[in-house]
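A short worksheet on the structure shown next.
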2 protein chains.
Amino acid sequence: MSRRTISHEDGAIYEFTPDLEAITTVEPGEELTIETRDSLDGAVQTESDVIESVPDEVNAATGPIAVEGAEPGDVLRVEIEDVRLAEDRGRIITIDGFGLLDGDEEIEAPRTRITPVSQADADGEADGDGEPTITFDDLEVPVEPVIGTIGVAPAAESYATLVPHDHGGNLDTTDVTGGNTVYFPVFQAGAMLAMGDCKAAMADGEMCGTGAEIATEIDVTVDVLDADETAVDLERPLVETDDAWKPIASAETLEAACELANRDAVDLLAAEHGFDDTDAYLFSSLTGGLEISQVVDPLVTVRNAIPKEYLSSPF
Amino acid sequence: MSRRTISHEDGAIYEFTPDLEAITTVEPGEELTIETRDSLDGAVQTESDVIESVPDEVNAATGPIAVEGAEPGDVLRVEIEDVRLAEDRGRIITIDGFGLLDGDEEIEAPRTRITPVSQADADGEADGDGEPTITFDDLEVPVEPVIGTIGVAPAAESYATLVPHDHGGNLDTTDVTGGNTVYFPVFQAGAMLAMGDCKAAMADGEMCGTGAEIATEIDVTVDVLDADETAVDLERPLVETDDAWKPIASAETLEAACELANRDAVDLLAAEHGFDDTDAYLFSSLTGGLEISQVVDPLVTVRNAIPKEYLSSPF
């Protein structure tokens, strides 16, 4: 099969709902290129374009894409082959009422800083001897793209694309990037994958409320894993990096999110090693550990890294 | 000067108070070896030794050590050259009422697991072709020691060695290890350094409430930096790793700790680059970011990594 392109113009959502209608249907194993706009839909092109308050519609997610044969209880596997920048600048902003240091009297909101993409073509590929970077004043930061919002149709509730939860959504997790694979529980027939809200670079935490927001082209291959092929019942997203498996959990507080992510890690370790939950919990406290994804969205997100030395694929 | 050894038997504290009395005085630049007992003072030697509740006295910290010439407003620099294991086993435990998953009905407390040190002499050095490891059942985990409790006499309040705060204390931060350097604000004459509560290995988060608790010998060199030599007023501990500077903050909630650590990162970036606080905040959201130290102590601890490419020494 040749790679199929699905663009923002084909369809995009601002809310993950249980009854999403697909803009297209793809087959398991199909290779896709998904084009996404920046999280602010192009509203910020210069530093005089500021955002006064969080827009009602933000984080447009291209899709939803139905995957043939995906049924509730299955797992949707999304292998992210590459995330390419599709414009020559990113933007990082403060918005009044949003962000970790919101309310600090020394922090000015709204403010916009443009982060030009340099040493690279418009598609984010290096055109010289250097790696692609973005610049902030005279500082260069390597381009390390992040897919901020990615998810599937949820089980029962609806979630704006600003919100992360068990269906994925606004996970803002730096590991959700090219070379890694994300797994989601399937709650609805077809899974209904959608993604957007990419960043050219983002710190763990996304403290000011954004990374360098930018339009992208994302190469992915989707696949469906039958429920009876999995070692655990996946309740939340899970990301696989080169060296670790990381359950991702979102909740009202970081403490509650840590509990969920660690509980998922305990289940994975127990299934792998035949540990009871207590031994799995003790072992989880020896290596890898808790990592912050983002601390600014309406729910906050953490992950629990388990090095691959200690966990084979649960699928 | 030859390296001076200071042992647990010379003195140890269970509380960091403003009026600590030194067990010895050292000169700036002096090389020390500090011997520490495990956090449970040797009470757990086999898996039948369990801890029913958090002891009144836990995390013995060897010291306090007065550093000649250290005055309030100065910065104490503690270069950690090496942390060697001083016994042949660690122990990792659950205690009822303690730990991230405390109250989970599948988690049993108290439980003790012994983690023998293998492929190594009793001093933790590899004696064969492998790196030193600890074992948990048939799983091997590399020895990556952590100094759990390290700090100085606080400004006004007293803190048990189970508690982390601006003076340091029970920071349980994996970066506090051999090869790295920790900086503390000096609140009292002589600074009054003390440390203990080491682990042979620990996950970020220390979810069950401990790592593999173990006695150690720690090589450090202490130094005093005059207040007028520093680019910022240090209010909390700061750790320097090979590739990053990381302010460390402890608070009632992870969210509050994140705010403090990010605020410190903003101050450091603003001082370095001449940014106003808002630009420093935006830049802090592009690279490095928030990391979890521990989520189980009476106050919780996070750090904010700033890659060294973007921050020279503030001292």
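Every read-out reported here was derived from the displayed coordinates using simple, explicitly stated rules and does not represent laboratory data. In this text, all values refer to a predicted model and were calculated from it rather than measured experimentally. As a convention, Cβ positions derive from the backbone with ideal geometry for all residues, glycine included, and neighbour counts pool all protein chains shown.
Averaged over peptide B:92-100, the number of partner chain Cβ atoms lying within 10 Å of each residue's Cβ comes to 3. For chain B, a Kirkwood radius taken over Cα pairs fed into Stokes-Einstein (25 °C, viscosity 0.890 mPa s) yields D = 125 µm²/s. Extension gain, B:ASP226 to B:THR24: 0.36 nm times the residue separation minus the Cα-Cα distance gives 70.6 nm. Our summary gives chain B a relative contact order of 23 percent, counting only alpha carbon pairs under 8 angstrom and 6 or more residues apart.
Here is how far apart the B:PRO55 label points are across copies: 5.9 nm, shortest first, using a point 7 Å from Cα toward Cβ. For region A:34-50, backbone phi angles converted through the Karplus equation (6.51, -1.76, 1.60; θ = phi - 60°) give residue-by-residue couplings of 10, 9, 10, 7, 6, 4, 9, 6, x, 5, 10, 10, 9, 6, 8, 8, 10 Hz, Gly and Pro being listed as x.
Of all the options A:TYR281, A:TYR159, A:TYR183, the one that moves most in a Gaussian network model of chain A with Cα springs shorter than 10 angstrom is A:TYR281. Given in Å, the Rg to one decimal and the Dmax to the nearest whole number for the Cα atoms of region B:1-139 are 18.5, 56. Taking the longest Cα principal axis of chain B as reference, the axis of helix B:254-273 is set at about 40 degrees. The slack between A:GLU309 and A:ALA189, meaning 0.36 nm per residue of separation minus the straight C-alpha distance, is 39.8 nm. For region B:266-315, averaging the sequence separation of C-alpha pairs within contact (under 8 Å, six or more residues apart) and dividing by the residue count gives a relative contact order of 33 percent.
Starting from the label point of B:SER2 at 7 Å along Cα→Cβ, the same points in the other copies fall at 8.0 nm, in ascending order. The mean number of partner chain beta-carbon atoms within 10 angstrom of a residue's beta-carbon across peptide A:260-269 is 3. A cut-off of 5 Å between modelled amide H atoms, ignoring neighbours fewer than 5 places along the same chain, links B:VAL224 with B:GLY29, B:ARG77. Close amide H partners of B:HIS165, meaning residues 5 or more places away or on another chain with modelled amide H under 5 Å apart, are B:ASN170. Bridges between two residues of region B:4-228, per DSSP, are antiparallel at a rate of about 90%.
Inter-chain Cβ neighbour count for B:272-282, averaged per residue, equals 6 (cutoff 10 Å, partner chain atoms only).
The tail of the calculated P(r) for the protein assembly as shown, taken as Cα-Cα distances beyond 50 Å, holds 11 percent of the pairs.
Relative contact order of region A:101-239: what whole-number percent is it, with Cα pairs under 8 angstrom and at least 6 residues apart? Taking the mean separation of contacting Cα pairs over the length of region A:101-239, I get 22 percent.
Of all chain B residues, the one whose Cβ lies closest to the rotation axis that maps B onto A, given with that distance rounded to whole Å, is B:LEU254, 2. With its label point put 7 Å out from Cα toward Cβ, B:GLY29 sits 7.1 nm from the same residue's point in the other copies, in order from shortest.
Build a GNM of chain B with springs between Cα atoms under 10 Å apart, and of B:GLY209, B:GLY288, B:GLY178 the one that fluctuates most is B:GLY288.
The GNM of chain A, with springs linking C-alpha atoms under 10 angstrom apart, assigns the highest mean-square fluctuation among A:THR133, A:THR230, A:THR174 to A:THR230.
If R0 is 22 Å, the Cβ-Cβ spacing of A:SER48 and A:GLU108 corresponds to a FRET efficiency of close to 0.95. For the pair B:ALA271 and B:GLU68, label points projected 7 Å from Cα toward Cβ lie 2.7 nm apart. For chain B, the 222 nm mean residue ellipticity estimated from helices alone, with every DSSP H stretch of n ≥ 4 adding -39500 (n - 2.57) and the total spread over all residues, rounds to -3000 deg cm²/dmol. Taken one residue at a time, the phi angles of region A:225-233 give Karplus couplings (6.51, -1.76, 1.60, θ = phi - 60°) of 9, 5, 3, 7, 9, 9, 6, 9, 7 Hz. Gly and Pro are set to x.
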